[in-house]
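Worksheet: the structure to be examined is printed underneath.
The values are calculated or read from the model by the stated rules, or taken from the named source; none is laboratory data. Being a predicted model, the structure only gives us computed values, none of them experimental. Here Cβ is always computed from backbone atoms with ideal geometry, including for glycine, and neighbour counts include all displayed protein chains.
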């Protein structure tokens with residue numbers, strides 16, 4: 001009884017001694033009247049302690065200096081697409097529904113460097129940006145535009161109405177690393193054109209016409225993605241997938257995103273840096289990895305998510321990792337979403353992050369493969385995080401940074417080293433009637449070393465219980481500890497009142513360094529404590545679960 005009371009007193013002291021009200025940060029809303037519409041910008045203090053965006057202040061437990069640089073809110077327009085330049089300095093955003101436009105931002109301010117108004121008939125303003133951010137391309141209703149970063153006046157304007165007898169809609173686009181070559185499309189339900197352009201001329205270098213595949217889903221272009229070394233481009237319709245040489249238009253491959261069904265996809269497919277791998281996804285819940293054998297692409301493996309759609313996919317530049325997002329149907333109007341990461345050598349996920357609340361429409365690797373960004377619609381009640389940033393070196397589904405926005409994210413993009421992540425979407429939930437858009441610019445600290453890298457060679461000279469990583473976390477975190485000599489020990493987790501909620505380990509240890517994972521999926525958000533106990537040592541630390 002005395003031990004229990006003493007432990008509760010220790011916990012109570014920890015609760016009040018570790019609260020530092022001076023470290024809490026908030027968000028200010030600035031209203032502006034611009035171009036005939038009211039806009040509001042939510043400006044977040046650019047300090048390292050603000051690692052979560054939430055209506056409720058979170059007591060930070062810093063693991064890095066990652067932070068929201070800025071966020072931007074539009075009262076009536078939706079931010080459908082966004083992309084960060086490879087150097088992380090500039091970001092292009094396409095807006096739809098109302099006040100349709102293209103915006104260019106940098107890292108220092110939520111005020112756009114420039115904006116270009118597009119046709120009010122535009123459904124989605126597709127956008128892509130060169131590595132240095134010096135050229136931005138957009139597919140916008142009946143026009144394919146190219147801008148340079150210094151001006152909103154297009155330096156390239158391919159008008160589908162005047163150039164094509166059957167017109168079509170300017171759909172997805174992409175641009176090579178140096179901004180010299182563009183892949184665009186004129187998208188129609190019955191047949192579509194794919195074009196390759198030099199940036200300096202609106203006379204296409206090549207074009208290719210695609211029709212409906214198996215008579216299902218139409219021929220509209222759903223995705224265009226140029227490989228990281230610019231040699232190949234993967235293009236897909238609802239059912240068809242094609243690989244071309246970027247600069248010549250030579251078709252290397254055509255196939256189906258779903259050979260076993262007429263269930264296709266309205267999401268883009270993925271290609272590795274050198275084009276050796278492509279990944280296809282579909283509404284049957286299948287993710288397929290295909291590899292080039294010198295003459296065609298052959299399936300390496302397939303992973304099926306039962307009762308779900310695969311709604312996003314990306315392959316790392318070096319071709320070693322694949323990530324996907326899902327929309328899981330739980331029955332009635334209940335949904336969930338997952339993020340999964342794989343090695344290209346196996347269809348078994350390296351890890352799975354659950355509890356995204358709804359569709360995960362976009363995943364993005366940094367070019368160096370160290371960072372994976374993923375965004376989701378989140379749950380209707382906005383209690384779950386809808387932007388997640390993972391370090392791929394962490395061997396678990398443990399994001400190092402999260403955002404819980406008031407709405408839903410539709411797209412995300414990471415810079416080459418992952419230090420800049422941008423996400424765009426709708427200011428209210430995607431399944432909720434209403435409009436308004438949001439853009440978040442995030443700084444990710446890529447310099448801190450994940451605690452998963454354990455040196456097991458040197459024998460520790462003392463007991464040590466490390467701070468869990470990441471912290472705050474949702475729903476999985478890693479705890480490292482050192483044992484100086486052979487001993488029986490336990491690590492248990494307690495709630496704020498001292499009640500035991502989990503036993504993570506309780507066994508005999510030889511001297512060495514160890515790691516254990518804690519999964520808080522079944523617990524509610526809040527402050528918890530984990531405690532290491534051996535015959536001669538005990539230590540307690542705090543962790544924060546935020547869902």
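Miscellaneous remarks
Residue-by-condition table, conditions (1) surrounded by fewer than 16 Cβ atoms within 10 Å (Cβ to Cβ); (2) modelled with pLDDT under 95:
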site: 510; (1), (2): yes, yes
site: 515; (1), (2): no, yes
site: 518; (1), (2): no, yes
site: 523; (1), (2): no, yes
site: 528; (1), (2): no, no
site: 534; (1), (2): no, yes
site: 544; (1), (2): no, yes
site: 547; (1), (2): no, yes
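- Checking each residue in segment 167-189 for being touching a strand residue (DSSP E or B) at 6+ places or on another chain (Cβ under 8 Å) and farther than 18 Å from residue 83 by Cβ picks out 167, 168, 169, 186, 187, 188.
- When 75, 84, 79 are screened for being surrounded by fewer than 18 Cβ atoms within 10 Å (Cβ to Cβ), in the same structural domain as residue 142 (by TED's automatic domain parsing), under 18 Å from residue 405 (Cβ atoms) and modelled with pLDDT of 90 or more, only 75 passes.
- Being touching a strand residue (DSSP E or B) at 6+ places or on another chain (Cβ under 6 Å) and surrounded by 22 or more Cβ atoms within 10 Å (Cβ to Cβ) holds for only one residue in 352, 326, and it is 326.
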